[in-house]
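Working notes, beginning with the structure itself.
The values are calculated or read from the model by the stated rules, or taken from the named source; none is laboratory data. Quick caveat, the model's predicted, so the values are computed rather than measured. Cβ sites come from the backbone with ideal geometry, for glycine too, and all protein chains shown count toward neighbours.
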There are 2 protein chains.
Amino acid sequence: MNDVETAATSSTSSTELNFIVERRFRAGNGLLAGVELRALVFDVFGTVVDWRSGVIREASALAAERGWSRDWAVFADAWRGRYAPSMDRVRHGVQPWTNLDGLHRASLDELLEEFSLAADEADRSRLVHAWHRLDPWPDSVAGLTRLKRRFTIAPLSNGNVSLLVEMARRAGLPWDLVLSAELVRAYKPDPATYLSAPTLLDLHPEQIMMVAAHLDDLAAARSHGLRTAYVRRPYEWGPDQQAPEPGPDDTLDHIVDSITELADWLAV
Amino acid sequence: MNDVETAATSSTSSTELNFIVERRFRAGNGLLAGVELRALVFDVFGTVVDWRSGVIREASALAAERGWSRDWAVFADAWRGRYAPSMDRVRHGVQPWTNLDGLHRASLDELLEEFSLAADEADRSRLVHAWHRLDPWPDSVAGLTRLKRRFTIAPLSNGNVSLLVEMARRAGLPWDLVLSAELVRAYKPDPATYLSAPTLLDLHPEQIMMVAAHLDDLAAARSHGLRTAYVRRPYEWGPDQQAPEPGPDDTLDHIVDSITELADWLAV
C-alpha cells in the first residue's frame, strides 16, 4: 500500500490526504518528476456542472406550461441512467457514431413513452437542449478562472461541441478550447478521447491533468499517462448521496472537494 | 452588376459601401432572409493577428543573441511565401497530413539553408513557435470581445490547435472554441474545413459568418453557404502595401476596415 491508499482507506481528513498526495507529487514518482504541468482537462457532467438539478429545473418548467405532473427527479435520474447504455451501443458498434444530443434524444423518446407524456417535437428539442443549460457547481467558475491564469483549460467530455459551447457561454466557463468526444467520434473511455488532449495541445500526457468526479474516468486517463485530480461531488445524484471515496486501487495525484481547492493546491 | 459590385468598382467610400451591403442584407437576398446570425468564424493570420511584424520581431530577437545580420522582413516574407506551396503538397496528397507547425518547420529548415544561418535545434523550435506568439491587430481584442457578447466566436484557421490556443492565451483572444484545419486534417479551402463550423456548432451555414482579410477564403466559405465579412488589412504584407479591393466577382455581406467596425455593423 502506498501513502494514498493508506490514507484513502483510513479516516485521514481531506487536507491531510492532499498533503500526502502533494508530497508524493513533489518528491516525484517517476511519472511526474520534473515534468511541468501545462494543461487541465475536465469531465463536465457532474464534475463542473450539476446536471441533475438542471434537468429537473428544465423539465419542471416545461411541465408547468404543459400541465404535466410527474416526479422530475425520478425522470432526471432515469434519463441519466440511460446515458452509459446508450454510449455502449456506439462503443460496441451496434449503432454508428451519434453525438450526445442524438443519444439524449433517443433516450428521451423512450422515457416520454415510459412516463406517458405526449410531448411534441418542440418539447423534445427543448428537453434535449436542457443539457446545454446546466448550472455550474458554486466553485466551478471561480476555480476555472484561477486555473486559467497559469494553465490551459478545456473540457474533455462526452458532450458534443455545441452542447459544451452553449453551456460555457451561458454559465461563464472560461475554457481556452473545447475538447469533446465528438472531435474523435468516440466516447470515453476510448483511448482516442484522452489522447486527443496531448495530441492537439502538443504536450506530453504527463503535462496534462484530468479532473473528474468519477474514478473510472480518472483510471482510464491515468492509464494513458495523464495526471489525475479527483473532485468529490457528493450531490451529483441528489442531496441524499455521498461522493465515492477512493479505494485501494485508485491512484490519484490530488483529491479535492472543489475546483477552487484544486487551484489552491496548484498555487494559482 | 449588383449593388456591391457597382460600389466596389466605383469610388464609393467604405461607409457608403457598407450601407449598401447592409441594405441588401436586411432586404434579404434569398440566402440570408430571416435566418438569425449566431456565430462568427475568423481567419487568423493576417485577419486577426499581424504575422509579419511578429515573425520579424522574433527572428530579430534571436538574431541579436546569435549575432546574425540579415533583412528579417525579407526572411518573414520568404517564410510566408512558402506557406501556400507547403499546404498544396498536403492538399494534393504529395505529403501525408502534417500540421502547420510541421510545415513551418520544414519551410524554415530550407530557408535557414538559403539564408546561410547555422541554427541549432533550440533556435529552430523557437522560430517555429514565433507563429504562436503573434500580436493581434489593434482592433482585434476589442472587436472580438464585443462580438462574443451576442455571437459564438471561433478561429477557423489553417493554424494547428496548439498554435491557436497559445496565441489566444498570450494575446487575449476570447474565443469560445477553437476550430482548426487540424481537427479535420485538411487545409482551407477544403470543404471539410468550412463545414466543420456548422457541423460542430449544430447550425445552418447561413447562421455563421466567415470573417477574413482574404477574398479567396471568403469565396470558398460563401460557396458552402456561410455569410462573409471582408476586413481590409492593408499592412498584412508591410507598410507599403494596400488591401486588395473586392472586384466584380466578389459577393460579400460586409466590407469593413476593422473587427470593431464589424461589431458596429452587427450592433454589439
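Quick notes
- Some residue of segment B:124-131 being polar (S, T, N, Q) and in contact with a strand residue (DSSP E or B) (Cβ under 7 Å, 6 or more places away or on another chain): no
- In this structure, B:E261 qualifies as assigned to a helix (DSSP H, G or I), away from chain A (no Cβ under 14 Å), among the charged types (D, E, K, R) and within 28 Å of A:R170 (Cα to Cα).
- When restricted to residues that are surrounded by 18 or more Cβ atoms within 10 Å (Cβ to Cβ) and either aromatic (F, W, Y) or touching a Phe, Trp or Tyr at 6+ places or on another chain (Cβ under 6 Å) (or both), segment A:51-67 contains 3.
- Check on B:R89, modelled with pLDDT of 95 or more and over 25 Å from B:A213 (Cα atoms): no
- Positions within segment A:165-196 being at the interface with chain B (Cβ under 8 Å from one of its Cβ atoms) and among the hydrophobic types (A, V, I, L, M, F, W, C), in sequence order: A:V165, A:A168, A:W175, A:L177, A:V178, A:L183
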